[in-house]
1. What's the number of the only condition in (1) within 16 Å of the ligand (Cβ to nearest atom); (2) surrounded by 22 or more Cβ atoms within 10 Å (Cβ to Cβ); (3) farther than 26 Å from Pro292 by Cβ that Leu164 fails to meet?
2. Report the residue count in the range 192-204 for those that are within 16 Å of the ligand (Cβ to nearest atom) and farther than 14 Å from Leu291 by Cβ.
3. Filter the range 168-187 down to residues that are of a type in the set (A, V, I, L, M) and part of a loop (DSSP other than H, G, I, E, B) and give me whichever is nearest to the ligand (Cβ to nearest atom).
4. I need the full set of residues from the range 239-266 which are farther than 21 Å from Val178 by Cα, open to solvent by less than 40 Å² (accessible area, probe 1.4 Å) and part of a loop (DSSP other than H, G, I, E, B), in order please.
5. Determine whether Glu347 is of a type in the set (Asp, Glu), open to solvent by less than 70 Å² (accessible area, probe 1.4 Å) and outside any loop (DSSP other than H, G, I, E, B).
6. Limited to the range 32-56, what total is found for residues that are of a type in the set (S, T, N, Q) and open to solvent by less than 70 Å² (accessible area, probe 1.4 Å)?
7. For the range 369-387, what are the residues that are in contact (Cβ under 8 Å) with a residue 60 or more places away in the chain and more than 19 Å from Cys299 (Cα to Cα)?
8. If you go through the range 358-383, how many residues are within 13 Å of the ligand (Cβ to nearest atom) and open to solvent by 40 Å² or more (accessible area, probe 1.4 Å)?
Amino acid sequence: MNKKLKLETKCIHSGWTPSNGGPRQIPIFQSTTFKYDSADEMGKLFDLESSGYFYTRLQNPTNDAVAARIADLEGGVGAILTSSGQAATFYSIFNICEAGDHFICTSEIYGGTFNLGGVTLKKLGIDCTFISADASDEELNAAFRPNTKLVFAESISNPALVVLDIERFAKAAHAHGVPLIVDNTFATPVNCRPFEWGADIVTHSTTKYMDGHATQVGGCIVDSGNFDWNAHKEKFPGLTTPDDSYHGIIYTEKFGKLAYITKATSQLMRDLGSIPSPFNCFLLGVNLETLPLRVERHCSNALAIARFLQSHPKIAAVHYPGLPGDTYYDLAQKYMPNGTCGVISAELKGQRESAVRFLDSLKLASIATHVADAKTCVLHPASHTHRQMTDQQLRDAGISPGLIRLSIGIEHIDDLLEDMEQALEKA
Ligand SMILES: *Cc1c(COP(=O)(O)O)cnc(C)c1O
C-alpha cells in the first residue's frame with residue numbers, strides 16, 4: 001500500500017486489491033489445501049524456495065490479506081494472524097526464547113500473559129522477571145541477565161491502564177542487545193504506533209477493538225523489521241544459525257528484515273498450529289474497516305464517563321489515562337495524543353460488596369469477560385479475571401478489591417450516563 005495514505009484509508013484498502021471483475025471484499029478462502037500442476041513446484045514450497053499456498057496451517061490467502069492490513073496499520077514489514085491473542089503472545093516470545101533463556105515482562109499486564117510468563121513458560125525452561133512499567137532505569141537495567149532475550153510490555157496495560165514509556169523501555173532493551181515487544185491491544189494502531197517509538201515487535205489480541213463486535217477470538221504478531229538480529233548473533237541462534245528442519249536455511253540470511261516473522265510462520269505455526277480460521281479472519285478484516293470510527297467514539301464516551309465517575313460521591317478513584325490528573329496522563333499525551341482506549345477502571349467506596357451491587361444493578365451495560373467491544377461491559381477483576389491471584393499479586397498488578405473495570409462501548413453517551421447513575425444509586 002501507498003505509505004502516504006492515512007490510517008483511516010488503510011483500514012479499508014490495505015491488504016486486498018481487487019482484480020478486474022474480482023470480489024471487492026476480501027473473499028473467504030475456506031480451503032485447507034491448494035493445488036499444483038507439478039510435484040516440483042510444490043516441493044519448492046516445502047523448502048521455502050518459493051512462496052505460495054499449500055496448506056492453510058502455514059498460509060491462507062484470506063488470513064494473509066488481513067495480516068497485511070494490520071502490518072500496514074502498524075507500519076511493519078510483515079505480520080501473522082494467530083487463533084488467539086494468547087497464541088500471539090506465546091509465539092512472539094517462543095520465537096526467540098528457548099529452554100535456559102530469560103525475558104523481562106512488565107508486571108502490570110494482562111492476566112493471561114502473567115500466567116504464561118509466571119507459570120507455563122517456566123515449565124518449558126524459560127524464566128521471566130516481572131518488573132513494573134514504572135520501575136526506574138536502574139531497576140530496569142538490573143533485571144537483565146546474560147541470557148535475557150527480550151522485553152515484553154503493553155502500551156496501555158489491561159486492566160491497570162498503565163501507559164508504557166515505550167522509548168525508555170526500547171532504549172533499555174536495545175542497550176542490552178534485545179528487542180522490545182509491545183502488546184498494543186488496547187491502544188490499537190489508531191491511537192499508538194509503538195514502532196515509531198522504538199518497539200521492534202507488536203502483538204495484538206484482535207479479539208478486542210480490532211474485532212470490536214465480539215465475533216472472533218484472534219491474535220496478531222507484527223514485525224517492524226528493524227531489529228538487527230545479526231548484530232547480536234549469539235543471542236538469537238534460532239534466527240542466525242541453520243534450521244535443520246528446512247535443510248539448513250538461515251532465516252536472517254534468506255529473509256533479511258522478514259527473518260523473525262518468517263520463522264514464526266514456517267516453524268512455530270508449522271509445529272504448533274494455532275491458526276485462525278479463514279472465516280474468522282474475514283470477520284476481522286470487515287470489522288477493521290470501521291476501527292478508526294469506533295475507537296474515536298470509544299474514547300470520547302470513556303472520557304465523558306470518567307469525568308462523571310470522578311465527580312461521583314460513591315467513587316473513591318478513577319483511573320483513565322485520558323483524564324487530566326491521571327498518573328499516566330502525560331505519558332498518554334506523548335504516546336497517544338488523540339485518545340487512549342475505552343476502558344476505565346474505578347474504585348468504589350465500600351470495597352468488594354459495593355462493586356458487586358453496582359454490577360448487578362446495571363441495565364444497559366452487561367457483565368461480560370470481555371473488553372473493547374461495541375457494547376459496554378463491566379467486570380470485577382477481583383472476582384472474575386484475576387480471581388486466581390493472591391491479594392499481594394493483585395496489588396502488584398495495580399488492582400484493588402473494589403476495583404471495577406468498565407469497557408465503554410459506542411452507544412449514545414446519554415444512555416450510558418443514565419445507566420451508570422441509577423446503578424451507582426443502588427451500590
Ligand atoms: C485479551 C488480551 C490478550 C489475550 O487475547 P485473547 O484473544 O483473549 O487470547 C492479550 N493481551 C491483552 C492486552 C488482552 O487484552
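1. (3)
2. Step one: filter the range 192-204 for residues within 16 Å of the ligand (Cβ to nearest atom), giving 192, 194, 199, 201-204.
Now drop any that are not farther than 14 Å from Leu291 by Cβ, which leaves 194, 199, 201-203.
Count: 5.
3. Filtering the range 168-187 for residues of a type in the set (A, V, I, L, M) gives 170, 172-173, 175, 178, 180-182, 187.
Adding the requirement that they be part of a loop (DSSP other than H, G, I, E, B) leaves 178, 187.
On the way: Val178: 20, Ala187: 10 Å.
My answer is Ala187.
4. Correct list: Gly248 only.
5. Values: of a type in the set (Asp, Glu): yes; open to solvent by less than 70 Å² (accessible area, probe 1.4 Å): yes; outside any loop (DSSP other than H, G, I, E, B): yes.
For Glu347, the condition - of a type in the set (Asp, Glu), open to solvent by less than 70 Å² (accessible area, probe 1.4 Å) and outside any loop (DSSP other than H, G, I, E, B) - is met.
6. Kept after step one, since they are of a type in the set (S, T, N, Q), are these residues of the range 32-56: 32-33, 38, 50-51, 56.
If we keep only those that are open to solvent by less than 70 Å² (accessible area, probe 1.4 Å) too, we end up with 38, 50, 56.
Looking only at that region, the number is 3.
7. Pro381, Thr385, His386, listed by residue number.
8. Here the count works out to 1.
The values are calculated or read from the model by the stated rules, or taken from the named source; none is laboratory data. The model shown is predicted, which means the values in this text are computed figures rather than measured ones. Every residue, glycine as well, gets a Cβ built from its backbone with ideal geometry; the counts of neighbours run over all protein chains shown. Accessible surface is based on the protein model in full, side chains and every heavy atom, while ligands, DNA and RNA are left aside. Shrake-Rupley method; radii C 1.70, N 1.55, O 1.52, S 1.80 Å.
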